[in-house]
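Undergrad: Below is the structure I would like to discuss, written out as structure tokens.
The values are calculated or read from the model by the stated rules, or taken from the named source; none is laboratory data. Small disclaimer: the values here were computed from a predicted structure and weren't measured. Heads up, the Cβs are rebuilt from the backbone with ideal geometry, glycines too, and the neighbour counts pull from every protein chain shown.
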Ligand SMILES: [Zn+2]
């Protein structure tokens, strides 16, 4: 009897487990997808790209990073391969945020987490799951002329993605169908027309054709810039100075001269000069503490200009300052500016996120300016290219500036002198200021 009851109980548990694990239909808007339960932890997952497409989300995936975007709202998920260990698996799936999972060629995303993050409703019953993104509505449409360009400002009640279909033709994804026309007095624009479309509202900019168009996303707001070449006006540039090492990590050491102290002094002084000139400046550390590479990279990712400061120490290191840059190939992580998340217009239904980064050549120009400022104080610099962790992760113009070598006696004398430290700070500040174009 007891045994029979136990068997019934076991069967029930097994059935429940089997039921929980089974894939079920997932309706995302009008798209029929499938929800599955990797590892059987009761957390629904689905294939990332079709899911993003069904919701009209921007999609960016590389290596161990997945980013989904709607207007200025970005959801980032770490991507992990399905682990062998159950404990690890459970942690990945039930953590915050839950990890996206790599299963062979497929990337799976946690449905509920992503749905909620974008303000979708998530629910369902025995026949399947349902994710719905409420339609957005256009609250206002204004235009202005700024720096010789027309700026069209569209405000919505949530974040919205827009897709450029053709010159002067944009789709406002998921925006409640509206119809209307507005006459504008702009430089290039004459009329704005709204027409209902299958994916949302279609926006036609009469007069824009033949002129560059760019889009910038702000919270619940989309700005479309129309006009001759130029860039979307950027917020006040951020300069990040990164004094290497710190705390238990002294860096290069010679007697009581330590790399971590020298670079901190120079960094602080350069920051003071730049702040006085009106720039926003942040240091990755402003005291003698250890800061992880990840933390440094997080700050570097927001920088328009990054100067990482080091001192060489190895007896083999050549004397004199060195300027190192990284301009190679594709960057391993996406680049962000925290302030205005700018999605440059791309063709097709699913634009790939292309973040606002320094125009090509910026890194070389900054390195050149540093070199010429060094020349003014009688120093010449070695230059080199190196795929350093921090440089790879900086979207702006990034250089590693090696002030000199502690194993060389004349470098050492210079690095120890507070007058020379100030001179270095001046070199950095002047180079950065002229890079950014004088005052700010
Ligand atoms: Zn160093």
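Undergrad: Take segment 220-250 and flag every residue that is modelled with pLDDT of 90 or more and more than 29 Å from residue 175 (Cβ to Cβ).
TA: Scanning segment 220-250 gives 239, 240, 241, 242, 243, 244, 245, 246, 247, 248, 249, 250.
Undergrad: Still on this structure, I have one more. Please specify each residue of segment 292-324 satisfying the condition of being away from the ligand (no atom under 13 Å from the Cβ), modelled with pLDDT of 85 or more, in contact with a strand residue (DSSP E or B) (Cβ under 8 Å, 6 or more places away or on another chain) and farther than 21 Å from residue 380 by Cβ.
TA: Correct list: 305, 306.
Undergrad: Here is a further query. Take residue 220 and decide whether it is surrounded by fewer than 20 Cβ atoms within 10 Å (Cβ to Cβ), without any contact (Cβ under 8 Å) to a residue 24 or more places away in the chain and away from the ligand (no atom under 13 Å from the Cβ).
TA: No, not satisfied.
Undergrad: Check whether at least one residue in segment 248-261 is over 21 Å from the mean Cα position of the chain (by Cα), in a loop (DSSP other than H, G, I, E, B), in the same structural domain as residue 321 (by TED's automatic domain parsing) and more than 16 Å from the ligand (Cβ to nearest atom), and report yes or no.
TA: Yes.
Undergrad: Scan segment 171-187 and give yes if some residue there is modelled with pLDDT of 85 or more, under 26 Å from the mean Cα position of the chain (by Cα) and surrounded by fewer than 16 Cβ atoms within 10 Å (Cβ to Cβ), otherwise no.
TA: So far as segment 171-187 goes, no, none of its residues is modelled with pLDDT of 85 or more, under 26 Å from the mean Cα position of the chain (by Cα) and surrounded by fewer than 16 Cβ atoms within 10 Å (Cβ to Cβ).
Undergrad: Which of the residues that make up segment 179-198 are in a strand (DSSP E or B) and within 26 Å of residue 120 (Cβ to Cβ)?
TA: 194, 195, 196, 197
Undergrad: Residue check: is residue 73 out of contact with any strand residue (DSSP E or B) (no Cβ under 6 Å at 6 or more places or on another chain) and in contact (Cβ under 8 Å) with a residue 24 or more places away in the chain?
TA: Yes.
Undergrad: Name every residue in segment 274-291 that is in contact with a strand residue (DSSP E or B) (Cβ under 9 Å, 6 or more places away or on another chain) and in a helix (DSSP H, G or I), in order of residue number.
TA: Selection gives 274, 275.
Undergrad: I would also like to ask the following. Give the residue, chosen from 266, 281, that is crowded, with 19+ Cβ neighbours inside 10 Å and within 14 Å of the ligand (Cβ to nearest atom).
TA: One residue alone meets the criteria, 266.
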